[in-house]
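Taking it in order: structure first as structure tokens, then the write-up.
The values are calculated or read from the model by the stated rules, or taken from the named source; none is laboratory data. Everything numeric here is computed off the predicted structure, so don't read it as measured data. Here the Cβ is made from the backbone with ideal geometry for all residues, glycine too, and neighbour counts use every protein chain on show.
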């Protein structure tokens, strides 16, 4: 816009980009923003995790029928979570987002490198299964 209106500006003409100094002063002027590294989410996961699919899970009584099987006992209901850690180092890009936002995500087309899966499992009474680490093996 500054170029079209022929205004003097501090931006780099060759790279057509702003500098670190400009970004720093921009973030000072807008304290509600911060720079964070986004978490990669596959396109398939982003498309399937919708409010319609979540509502279908709870409304179609899948959740309730599974709870009835364990008689709603806290010591028999476990929460399982899995995360993947890549063994390949690569540089993450950074995004500017609102500070109060819980997580920043970026779409990824495929997983890179070898992934080490870590699975954790715990119930409401504090009983837990030691973390399980799954390494890629040879077939």
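Of the residues making up segment 31-55, those that are at pLDDT 80 or above and surrounded by 12 or more Cβ atoms within 10 Å (Cβ to Cβ) are 33, 34, 35. Residue count for segment 82-94, restricted to those that are at pLDDT 75 or above and over 21 Å from residue 120 (Cβ atoms): 0.
Mind checking whether some residue in segment 69-81 is modelled with pLDDT under 75 and surrounded by fewer than 11 Cβ atoms within 10 Å (Cβ to Cβ)? Yes, the conditions are met somewhere in segment 69-81. Inside segment 54-80, residues that are touching a strand residue (DSSP E or B) at 6+ places or on another chain (Cβ under 9 Å) and in a helix (DSSP H, G or I) make up a count of 3. Screening residue 104 against (1) modelled with pLDDT under 70; (2) in contact with a helix residue (DSSP H, G or I) (Cβ under 6 Å, 6 or more places away or on another chain) leaves a single unmet condition, (2). Residue 123: modelled with pLDDT of 65 or more, loosely packed, with under 11 Cβ neighbours inside 10 Å and more than 17 Å from residue 42 (Cα to Cα), yes or no? The answer is no for residue 123.
Scanning segment 4-18 for residues that are touching a strand residue (DSSP E or B) at 6+ places or on another chain (Cβ under 9 Å) and modelled with pLDDT of 80 or more gives no hits. Restricting 47, 69 to residues that are out of contact with any helix residue (DSSP H, G or I) (no Cβ under 8 Å at 6 or more places or on another chain) and over 28 Å from residue 133 (Cα atoms) narrows the list to 69. Residues in segment 19-53 that are over 19 Å from residue 115 (Cβ atoms), in a loop (DSSP other than H, G, I, E, B) and touching a strand residue (DSSP E or B) at 6+ places or on another chain (Cβ under 8 Å): 19, 32.
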